[in-house]
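Okay, structure first, notes after.
The values are calculated or read from the model by the stated rules, or taken from the named source; none is laboratory data. Since this is a predicted model, take the numbers as computed values, not measurements. Cβ placement follows ideal geometry from the backbone for every residue including glycine, while neighbour counts extend to all protein chains displayed.
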Amino acid sequence: MWLLDDSARLGARARELIQTAGGVYVSAASVWELTIKSMLGKLTIPADLASRLRQQGLVPLSVTAEHAEGIREFPELLRHDPFDRLLVAQAHRSGLRLLTADQVLLGLGRDFVIDATV
């Protein structure tokens, strides 16, 4: 959402990583979570979110059984948000970097988890 909104919260390094990447992916899990939060009235998203993300050049990343199984590789996240656990597993299993502002995920000390605010 920060990318769509051109939010100042998205840091300069994160913007550079996005601009220079060969492909920038957005997980179906992220769209799912945002849709749920929107339905609960916690935030507002465009009705055509998936389409808007593609218009921004983002590549949809489906959730696979292998991604779901990958959460086992992060037992320290057992009690953390299930969407975040899946995003970490997806990034790890797919060889992707994960941009996030979530301090728990950043605290994992994994080189593929990148602070989106810097």
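The table below lists the values:
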read-out: Extreme residue, nearest to R93 (Cα to Cα), among residues of the range 12-34 that are in contact with a strand residue (DSSP E or B) (Cβ under 7 Å, 6 or more places away or on another chain) and not aromatic (F, W, Y); value: S27
read-out: Helices (runs of 4 or more DSSP H) completely within the range 35-118 that count 3 or more residues being surrounded by 11 or more Cβ atoms within 10 Å (Cβ to Cβ) and in contact with a strand residue (DSSP E or B) (Cβ under 9 Å, 6 or more places away or on another chain); value: 49-55, 82-94
read-out: Verdict on L3 being out of contact with any Lys or Arg (no Cβ under 9 Å at 6 or more places or on another chain) and not in a strand (DSSP E or B); value: no
read-out: Odd one out for G23, checked against (1) under 14 Å from T100 (Cβ atoms); (2) surrounded by fewer than 15 Cβ atoms within 10 Å (Cβ to Cβ); value: (1)
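Conditions (1) among the small types (G, A, S); (2) within 22 Å of F112 (Cβ to Cβ); (3) at pLDDT 95 or above, marked per residue:
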{"site": "S27", "(1), (2), (3)": "yes, yes, yes"}
{"site": "L43", "(1), (2), (3)": "no, no, no"}
{"site": "S62", "(1), (2), (3)": "yes, yes, yes"}
{"site": "A68", "(1), (2), (3)": "yes, yes, yes"}
{"site": "D84", "(1), (2), (3)": "no, yes, yes"}
{"site": "Q90", "(1), (2), (3)": "no, yes, yes"}
{"site": "S94", "(1), (2), (3)": "yes, yes, yes"}
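Condition check ((1) out of contact with any helix residue (DSSP H, G or I) (no Cβ under 7 Å at 6 or more places or on another chain); (2) free of Cβ contacts under 8 Å to residues at least 24 places away in the same chain) across all residues:
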residue: P46; (1), (2): no, no
residue: L58; (1), (2): yes, no
residue: G70; (1), (2): no, yes
residue: F74; (1), (2): no, no
